[in-house]
Amino acid sequence: MKNRLKVLRAERDWSQEELALKAGVSRQTINAIETGKYNPSLDLAFALAALFELKIEEIFFPHAAE
């Protein structure tokens, strides 16, 4: 799954650690999501969307949407 997490995080000048703390996960989890090595649970996807005040589909999209 592709995502815009790194871009959105950079726009807010948040480090991976800061986003991880806000989302209640580890920095490694944020890194894995940003690099496409891990797909977040639905709960985590909703939490991240809420932090960025966006819809899930504005952050995450399938590879086919490239």
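Checking each residue in the stretch 41-61 for being assigned to a helix (DSSP H, G or I), farther than 19 Å from Arg27 by Cβ and either in contact with a Lys or Arg (Cβ under 8 Å, 6 or more places away or on another chain) or basic (Lys, Arg) (or both) picks out Ala49, Glu58. Where residues in the stretch 1-40 are charged (D, E, K, R) and in a loop (DSSP other than H, G, I, E, B), which of them is surrounded by the most Cβ atoms within 10 Å (Cβ to Cβ)? Only one residue fits best here, namely Arg4. Contact map, the stretch 37-66: first residue of a type in the set (S, T, N, Q), second residue at pLDDT below 95 and surrounded by 10 or more Cβ atoms within 10 Å (Cβ to Cβ), Cβ cut-off under 6 Å, separation 6 or more or different chains; pairs are Asn39/Met1.
Across the stretch 41-66, the qualifying residues are those that are in contact with a strand residue (DSSP E or B) (Cβ under 8 Å, 6 or more places away or on another chain) and more than 12 Å from Leu5 (Cα to Cα), and the one among them that is least open to solvent (accessible area, probe 1.4 Å) is Ala65. All of Leu21, Leu42, Leu5 fail the test of being at pLDDT 95 or above and within 11 Å of the chain's Cα centre (by Cα), apart from Leu5. In the stretch 1-13, the residues that are free of Cβ contacts under 8 Å to residues at least 24 places away in the same chain form no Cβ pair under 8 Å with any partner that is open to solvent by 70 Å² or more (accessible area, probe 1.4 Å), whether six or more places apart or across chains.
The values are calculated or read from the model by the stated rules, or taken from the named source; none is laboratory data. A quick note: this is a predicted structure, and the numbers were derived from the prediction, not measured. Neighbour counts are summed over all protein chains in view; Cβ atoms, including those assigned to glycine, are modelled from backbone coordinates with ideal geometry. Calculation scope for accessible area: heavy atoms of the full protein, side chains included, ligands and nucleic acids excluded. Shrake-Rupley method; radii C 1.70, N 1.55, O 1.52, S 1.80 Å.
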